[in-house]
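First comes the structure, then the notes that go with it.
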Amino acid sequence: GFRDLDNTRGLEVLRGPAGPFTDVTADRSYSAGRVYFEGEMRVTGSVSAHDYSNIGVCLDRDSTRKSRHTLAIRRGEQKLHTDGDVFGVAADFDNGRVYHRVNGRWINGAPGTAGGTPLERGKWYRACFFTSGTTAGSTPRSDTTWRANFGSHPFAYPAPAGYVPYE
């Protein structure tokens, strides 16, 4: 589940009423082990994802730290992603690495390789989701939100060997 119940509905991560983005973190944190979760991107009112939309793991003490060291989408690359894209996050806290994939393809190296992005060892992390959108002027509201899967449903793509569902 999630810590922020105002901006979630079940496993749906919604955009809040104000600001360029809303961040939501899981209610469980990890500092050891290997966990996997997925997020399906939901884009409405636009052809591609909005700026600030993202998924990954964030330091427990600072859920709003939008560091590219822990998030799947690098700044400015949101426009490469569309409604229905499935992001996978494989966090290896024992070896201090996180791996991301989109629609089954690893984008920064497969788990167990020298790829991935470094994590600070011994720190506590939570799954985090950033929603975003527009409400400028008279244009209709458009949003990028998420449907999380921590393992209570079958994953769209299998978890890597040795990784357990996030829940």
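The values are calculated or read from the model by the stated rules, or taken from the named source; none is laboratory data. All of these numbers come straight from a predicted model, not from anything done at the bench. Note: ideal-geometry Cβ built from the backbone for every residue, glycine included; neighbour counts use all protein chains shown. Ligands, DNA and RNA are stripped out before the accessible areas are found, and what is left, the full protein with its side chains, is counted by its heavy atoms. Shrake-Rupley method; radii C 1.70, N 1.55, O 1.52, S 1.80 Å.
Which residue, ARG141, ARG74, ARG15, has the most motion in a Gaussian network model of the chain that connects Cα atoms within less than 10 Å?
Fluctuation is largest for ARG141.
Most fluctuating residue of ILE55, ILE73, ILE107 in a GNM of the chain with Cα springs under 10 Å: which is it?
Answer for the Gaussian network model of the chain: ILE107.
Out of the total accessible area of the chain (probe 1.4 Å, heavy atoms of protein only), what percent is carbon and sulfur?
Values: 3950 of 8010 Å².
The value for the chain is 49 percent carbon and sulfur by accessible area.
List, in order, the whole-Hz ³J(HN,Hα) value for each residue of segment 54-59 obtained from phi through the Karplus relation with A = 6.51, B = -1.76, C = 1.60 and θ = phi - 60°; use x for Gly and Pro.
6, 8, x, 10, 10, 4
Starting at the first residue of segment 14-28, write each ³J(HN,Hα) from the Karplus equation 6.51 cos²θ - 1.76 cosθ + 1.60 with θ = phi - 60°, in whole Hz, x for Gly and Pro.
So the J values, rounded to whole Hz, are 9, 8, x, x, 9, x, x, 8, 10, 10, 9, 10, 5, 7, 10.
Would you look at the GNM of the chain, springs on alpha carbons closer than 10 Å, and say which of GLY56, GLY76, GLY84 moves the most?
In this elastic network of the chain, the residue with the biggest mean-square fluctuation among GLY56, GLY76, GLY84 is GLY76.
About the Cα centre of segment 1-64, what is the dipole size in debye to 20, counting +1 per Lys and Arg Cβ and -1 per Asp and Glu Cβ, all else neutral?
Details: 7 positive and 10 negative charges, 21 e Å.
It works out to roughly 100 debye.
Just reorder ASP6, ASP51 by solvent-accessible area, largest first, 1.4 Å probe, all chains present. Please list the in-between numbers first.
Numbers: ASP6 140, ASP51 80 Å².
Highest to lowest solvent-accessible surface, that is ASP6, ASP51.
Taking amide H positions as placed 1.01 Å from N in the peptide plane, with prolines and chain starts having none, which residues 5 or more places from ILE107, or on another chain, fall under 5 Å of its amide H?
Amide H neighbours of ILE107, under 5 Å, 5+ apart: HIS100, ARG101, VAL102.
Under a Cβ-only charge scheme (Lys and Arg +1, Asp and Glu -1), can you give me the dipole magnitude of the chain about the Cα centre, in debye to the nearest 20? Could you put the intermediate results ahead of the total?
Values: 21 positive and 18 negative charges, 70 e Å.
About 340 debye.
Just one of (1) 25, 16, 15; (2) 20, 19, 17; (3) 35, 18, 12 is semi-axes √(5λ) of the Cα gyration tensor in Å as worked out from the coordinates here. Which one is it?
Checked against the structure: label (1).
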